[in-house]
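This report refers to the structure that appears directly beneath it.
Coordinate-derived values only; no laboratory data. Everything quoted here is computed from the prediction, not taken from an experiment. Quick reminder, even Gly has a Cβ in these numbers, built from the backbone with ideal geometry, and neighbours come from all protein chains shown.
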Amino acid sequence: MFKNKSSSTKIMLGLGAAAALATGSALMPASARGNIFVTNFSNNTIGEYTNAGGTVNASLVTRLDEPNGIAVSGSDLFVANYGNSTMGEYTITGGTVNASLVTGLNGPSGIAVSGSDLFVSNYGNSTIGEYTITGGTVNASLVTGLNSPTDIAVSGSDLFVSNYGNNTIGEYTITGGTVNASLVTGLNGPSGIAVSGSDLFVTNEGNNTIGEYTTSGGTVNASLVTGLGEPNGIAVSGSDLFELNTANNTIGEYTTAGGTVNASLVTGLDYPDSIAVVPEPATLALLAVGGLGLLLKRRRKAIA
């Protein structure tokens with residue numbers, strides 16, 4: 001999407017969220033408080049809010065440069081700066097770790113994190129680059145030949161990317177192989193993308209909707225949520241979807257079944273672009289306990 005911003009003309013992309021949760025992360029620190037982190041393109045900040053809509057710190061991180069993609073891993077935030085083609089690293093409490101962790105990107109838009117690796121979609125040259133969370137370059141052109149990619153999500157060994165230029169979702173492996181460059185077609189200005197289990201959720205800026213698809217490319221509901229306001233980033237947390245509306249500077253909350261929870265959960269943003277949602281620590285603890293219980297059950301069965 002191209003927008004005129006303030007008195008000067010700036011290129012503004014319909015950019016989305018990175019993965020809502022960092023694959024391979026351990027239990028989230030209690031300081032995360034189950035909160036929402038949002039990049040504001042216009043005032044160069046990251047804001048923090050509760051998942052109930054309360055403001056924690058509207059200017060948690062400042063002095064960014066047209067921030068787009070954002071991802072959370074443990075106690076760290078990674079943000080892509082479209083304005084100066086860098087990636088910065090910050091703590092979830094707002095401290096600066098390295099404002100120029102990665103440089104030399106090309107219109108970075110979305111970020112996804114998996115273990116110790118970061119994957120970045122570059123709108124400027126239609127590529128996906130791979131870097132370590134310490135800033136090392138693994139492969140700056142891991143995937144090429146995309147079409148104005150806006151956002152990226154990772155699930156297991158797969159990368160899913162929304163291509164704004166040709167209205168598709170492509171699927172690739174984390175090692176750069178092509179699974180299906182046109183996994184989903186017929187979208188309408190796809191911006192944000194999020195993955196949950198076997199489902200993909202995509203914001204369509206062109207027709208103000210959220211569509212739901214399977215990770216194998218099937219259509220579940222192309223108009224799962226309608227009536228949005230130029231939706232950009234999207235994140236999924238449990239049974240809830242959180243999406244950003246650039247037209248009215250809000251965060252809307254919906255269920256993964258398409259129901260409206262609160263269409264104006266958070267207001268007063270400043271051209272919100274990308275979103276990451278950290279679940280409540282208690283939720284992660286329950287998941288961990290459940291996984292441990294299953295492991296112990298299997299061990300007891302094996303011993304018997």
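For this structure, a couple of remarks:
- Per-residue Karplus couplings for segment 187-198, computed as 6.51 cos²θ - 1.76 cosθ + 1.60 with θ equal to phi - 60°, are listed in order as 6, 9, x, x, 10, x, 9, 9, 10, 9, x, 9 Hz, Gly and Pro entered as x.
- Nonlocal amide H pairs with residue 240, under 5 Å, H built at 1.01 Å: 256
- The H on the amide N of residue 54, modeled in the peptide plane, is under 5 Å from the matching H of no residue at least 5 residues off or on a different chain.
- Derived scalar couplings ³J(HN,Hα) [segment 230-235; Karplus, 6.51 cos²θ - 1.76 cosθ + 1.60; whole Hz; x for Gly, Pro]: 6, x, 10, x, 9, 9
- Extension gain for the segment residue 98 to residue 132, taken as residue separation times 0.36 nm less the Cα-Cα distance, is 10.9 nm to one decimal.
- Here the Karplus curve 6.51 cos²θ - 1.76 cosθ + 1.60, taken at θ = phi - 60°, turns the phi angles of segment 64-78 into couplings of 7, 9, 6, x, 10, x, 9, 9, 10, 9, x, 9, 10, 10, 10 Hz, with x standing for Gly and Pro.
- Here the label points at residue 267 and residue 223, each 7 Å from Cα along the C-beta direction, are separated by 2.8 nm in the simple model.
- Efficiency of FRET between residue 257 and residue 188 - r from beta-carbon atoms, R0 25 angstrom, step 0.05: 0.70
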